[in-house]
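Enquirer: What follows is a single structure, and I will ask about it in a moment.
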Amino acid sequence: MKKKFLDIGSEKLAYLDIGTSKEVMVLVHGNMSSGIHYKPLIERFKDDYRIIAPDMRGFGDSSYNNRYNDLEELADDLLLLLDKLNIHEYHLAGWSTGGAVALKIAAKRPKEVKNVILIESCSYKGYPVFKKDENGQPIVGSYYATKEELALDPVQVAPMENIFNTGASAYMTAVWDQLIYTVNKPTPEDAELYMSETMKEKCIVDVDWALTRFNMSNDFNGVTKGDGSIKDVVCPVISFWSEKDIVVLEYMVDETVAALNNCKKVKLPNSGHSPLLDQPDLLAKEILEFIK
């Protein structure tokens, strides 16, 4: 699981490059994670596919020389990486925030992406961060107008930025246990590995702001007007949603599935926001059947 590095202009991206098959699978991680978090799928796919699992800008061991406002900027980073690696045909998977990045890549390079695998992906209309009332509860439908305002959010953003800035990994472990590891827990060895990768994140405000602005629909999502690019995703898509996911809600998955012309939804039982950990064998089986 040793990372490689490649310069893409003003940034340097870290990535895993595992396996020697001519069939390539690109794995795009989510927020508070890195390519390393795909370890369960990498172990199951490495003999049949060449796996490319990058750390996006500001995550893991990749650089963060330039701030960003849109997930499309992260998609462009990954396309530069793939171009430099001379990879122009691949299966594309995205977990959580990575699902949004994967959809944008598929829209921009329809002739290169063979299919898209969405794993607990946020909606094609983004992921909202609502303003909070005096009790810290979300005021549904009330959005932050600027990145600076969102950075002060007292529940979802400011506390997380403080955890990263202070290196408070014990608090971050509690966050994962409460929100993500709601069914199974990783082994102590894997938990240490994953948390060390999580705590490398440097861009929490940027990625939260970009998630609220992400919008491939034709509608206004409360923060920004969509660019309509969901229509440019023409490859087959499979979208996984776990019945115990409390981070990405089922309606978010359903609205993306409904917006695509060729999309299959699969519900995973007894699984939370990380089916990579909760249902790795079933997830891998469904992905392989979909691809083949």
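Where a number appears in this text, it was derived from the coordinates with a stated rule and is not lab data. These figures come from a predicted structure and were not determined experimentally. Neighbour counts run over all protein chains shown; Cβ positions are idealised from the backbone, glycine included.
Enquirer: Tell me, yes or no, whether the stretch 196-205 has at least one residue that is closer than 26 Å to Val24 by Cα, touching a strand residue (DSSP E or B) at 6+ places or on another chain (Cβ under 7 Å) and not small (Gly, Ala, Ser).
Expert: Checked against the condition, which is being closer than 26 Å to Val24 by Cα, touching a strand residue (DSSP E or B) at 6+ places or on another chain (Cβ under 7 Å) and not small (Gly, Ala, Ser), the stretch 196-205 yields no hits at all.
Enquirer: Between Ile36, Ile8, Ile51, Ile18, which is touching a helix residue (DSSP H, G or I) at 6+ places or on another chain (Cβ under 7 Å), under 23 Å from Asn165 (Cβ atoms) and either of a type in the set (A, V, I, L, M, F, W, C) or in contact (Cβ under 8 Å) with a residue 60 or more places away in the chain (or both)?
Expert: Unique residue meeting the criteria: Ile36.
Enquirer: Can we say Ser62 is within 18 Å of Thr198 (Cα to Cα) and touching a residue at least 40 places away in the same chain (Cβ under 8 Å)? Explain how you work it out, then say what you get.
Expert: Working: within 18 Å of Thr198 (Cα to Cα): yes; touching a residue at least 40 places away in the same chain (Cβ under 8 Å): yes.
Considered against the rule, which asks whether it is within 18 Å of Thr198 (Cα to Cα) and touching a residue at least 40 places away in the same chain (Cβ under 8 Å), Ser62 comes out as yes.
Enquirer: Does Asn69 satisfy the condition of being surrounded by fewer than 22 Cβ atoms within 10 Å (Cβ to Cβ) and either assigned to a strand (DSSP E or B) or touching a Ser or Thr at 6+ places or on another chain (Cβ under 6 Å) (or both)?
Expert: Considered against the rule, which asks whether it is surrounded by fewer than 22 Cβ atoms within 10 Å (Cβ to Cβ) and either assigned to a strand (DSSP E or B) or touching a Ser or Thr at 6+ places or on another chain (Cβ under 6 Å) (or both), Asn69 comes out as no.
Enquirer: Mind listing just one residue for me: the one in the stretch 1-58 that is over 12 Å from the mean Cα position of the chain (by Cα) and among the polar types (S, T, N, Q) and, of those, surrounded by the most Cβ atoms within 10 Å (Cβ to Cβ)?
Expert: Out of the qualifying residues, it is Ser21.
Enquirer: Give the residues of the stretch 184-228 that are in a helix (DSSP H, G or I), buried (at least 16 other Cβ atoms within 10 Å of the Cβ) and among the hydroxyl-bearing types (Ser, Thr, Tyr), sorted by residue number.
Expert: The answer is Tyr194, Thr198, Thr212.
Enquirer: Another question, if that's okay. When the stretch 152-183 is examined, which residues are found to be outside any helix (DSSP H, G or I) and either under 20 Å from the mean Cα position of the chain (by Cα) or of a type in the set (Val, Ile, Thr) (or both)?
Expert: Matches in the stretch 152-183: Val155, Gln156, Val157, Ile180, Tyr181, Thr182, Val183.
Enquirer: Restrict the check to the stretch 124-142 and report whether at least one residue is buried (at least 18 other Cβ atoms within 10 Å of the Cβ) and of a type in the set (S, T, N, Q).
Expert: no
Enquirer: Of all residues in the stretch 235-292 being of a type in the set (Gly, Ala, Ser) and over 24 Å from Asp219 (Cβ atoms), which is surrounded by the most Cβ atoms within 10 Å (Cβ to Cβ)? Even if it seems obvious, please write down each step before you answer.
Expert: Residues of the stretch 235-292 that are of a type in the set (Gly, Ala, Ser), as a first pass: 239, 242, 258-259, 271-272, 274, 284.
Of the ones still in play, those that are also over 24 Å from Asp219 (Cβ atoms) are 242, 271-272, 274, 284.
Working: Ser242: 27, Ser271: 25, Gly272: 22, Ser274: 29, Ala284: 17.
Step by step, filter the stretch 235-292, then rank; the result is Ser274.
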